[in-house]
Amino acid sequence: MHAALDGAALGKPLLAFVHVEAAGWGKSERLMQVLQFPEVEEMHSVAGDASVLFKVRTASPQALEAFLAQIHAVPGVTGTRSYIALSTYLERPVQAGFTESWPDMPLPE
């Protein structure tokens with residue numbers, strides 16, 4: 001069973017997704033050290049414009065700024081892009097099963 005925790009109730013109402021751009025692949029030992037911060041909920045190595053994607057919850061914009069300062073201090077990091085969630089409509093753990101047949105979704109005319 002997966003316990004769902006309310007970020008706002010825990011004092012962390014700000015949910016952000018941080019794309020980290022880095023020279024090389026970007027998963028340096030120093031960058032991996034930010035996993036020790038409880039604000040970091042997820043870290044993914046990704047394909048595309050960014051090298052790494054973090055999901056973080058912080059207490060305030062100032063706390064997010066402090067987290068970003070830690071990221072920017074890592075050698076090889078060339079930039080970040082942050083996306084702040086305004087509303088969350090669905091957040092759940094991995095689901096069992098597969099969609100056997102995707103329904104036809106009509107396109108708007």
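The values are calculated or read from the model by the stated rules, or taken from the named source; none is laboratory data. Bear in mind the structure is a predicted one, so any value in this text is a computation, not a measurement. Note that each Cβ is placed from the backbone with ideal geometry, even for glycine, and that neighbours are counted across all protein chains shown.
Below, the figures for the structure above:
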{"read-out": "Candidates Ala69, Ala96, Ala73, Ala63 - the one that is in contact (Cβ under 8 Å) with a residue 40 or more places away in the chain and out of contact with any Ser or Thr (no Cβ under 6 Å at 6 or more places or on another chain)", "value": "Ala63"}
{"read-out": "Residue selected from region 78-109 under the condition among the small types (Gly, Ala, Ser) and loosely packed, with under 10 Cβ neighbours inside 10 Å, by the criterion nearest to Gln62 (Cα to Cα)", "value": "Ser87"}
{"read-out": "Region 22-47: number of residues that are within 13 Å of Val74 (Cα to Cα) and touching a helix residue (DSSP H, G or I) at 6+ places or on another chain (Cβ under 7 Å)", "value": "1"}
{"read-out": "Residue check for His19: part of a strand (DSSP E or B), surrounded by 17 or more Cβ atoms within 10 Å (Cβ to Cβ) and out of contact with any helix residue (DSSP H, G or I) (no Cβ under 9 Å at 6 or more places or on another chain)", "value": "yes"}
{"read-out": "Only listed residue being of a type outside the set (Gly, Ala, Ser), loosely packed, with under 13 Cβ neighbours inside 10 Å and touching a Lys or Arg at 6+ places or on another chain (Cβ under 7 Å), chosen from Glu65, Glu42, Glu29", "value": "Glu42"}
{"read-out": "Ala73 being of a type in the set (Gly, Ala, Ser), modelled with pLDDT under 95 and surrounded by fewer than 14 Cβ atoms within 10 Å (Cβ to Cβ)", "value": "yes"}
{"read-out": "Considering residues of region 72-88 that are within 16 Å of the chain's Cα centre (by Cα) and part of a loop (DSSP other than H, G, I, E, B) only, the residue nearest to Ser51 (Cα to Cα)", "value": "Ala85"}
{"read-out": "Checklist (1) in contact with a helix residue (DSSP H, G or I) (Cβ under 9 Å, 6 or more places away or on another chain); (2) under 20 Å from Ser28 (Cα atoms); (3) buried (at least 16 other Cβ atoms within 10 Å of the Cβ) applied to Ala50, failing item", "value": "(1)"}
